[in-house]
Amino acid sequence: MKGIFIYSFVITLILSLAQFNLSNAFGEKIDYKKLYKNHKCIKCHGFDGKGTKRGKKLGTPDFTDAEWQASVTDEQLINSITNGKKKMPKRGHKMTTEEIKAMVKYVRFFVPKKKRK
Ligand code: HEC
């Protein structure tokens, strides 16, 4: 009896995981987190947007800093991601415009709403 319970639990788990992946693959929504990770942004900018050790050495801005956020426009960020900026590698050849715009939105998420200017 116990065996059957565990078996059906595992099956349910596998099924729900499979469903989750399918809805991800066919969903219209862009998966910001995945893009950020897959395009190595995380290597320099870190999962929290503050910049990793490696990133800081290269001069990454702190995405959680409201002052910094207020000092840059979306157009500028799109341009920096597309064409690169100093040590920031260009991404225009590897990402679509939609994806780059999504990344700008993601970068904006790092500042808590209350602190946004
Ligand atoms: C090799 C490390 C590295 C990687 C990988 C990287 N960045 Fe950067 N990024 C930087 C550095 C360094 C800067 C600061 C550039 C400067 O102003 O000198 C920067 C700046 C930025 C800025 C601010 C641009 C501006 O106009 O001030 C944005 C937005 C950004 N990165 C987004 C991304 C995104 C999105 C990705 C992934 C697609 C990414 N970065 C990947 C190093 C990196």
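Quick notes on this structure:
- Per residue, segment 40-101 exposes 68 Å² of accessible surface when a 1.4 Å probe is rolled over the protein heavy atoms with every protein chain present.
- Cβ-based net charge around residue 85, under 15 Å, with every Lys or Arg adding one and every Asp or Glu removing one: +2
- Each Lys or Arg adds one and each Asp or Glu takes one away; over the other residues whose Cβ falls under 15 Å from the Cβ of residue 56, this sums to +4.
- A cut-off under 10 angstrom between Cβ atoms defines the neighbours of residue 43, and their net charge, with Lys, Arg +1 and Asp, Glu -1, is +3.
- Residue pairs, from the table 50/101; 29/86; 56/85; 29/56; 53/101, whose Cα atoms sit over 24 Å apart: 29/86; 29/56; 53/101
- Using only alpha carbons, segment 31-115 has a radius of gyration to Kirkwood radius ratio (Rg to Rh) of 0.92.
- Distance (nanometres) between label positions extended 7 Å along Cα→Cβ at residue 67 and residue 101: 3.2
The values are calculated or read from the model by the stated rules, or taken from the named source; none is laboratory data. Note that the coordinates shown come from a computational prediction; the quantities given were computed from them, not determined experimentally. FYI the Cβ positions are ideal-geometry reconstructions off the backbone, even for glycines, and counts take in every protein chain you see. SASA here: full protein model, heavy atoms, side chains in, ligands and nucleic acids out. Shrake-Rupley method; radii C 1.70, N 1.55, O 1.52, S 1.80 Å.
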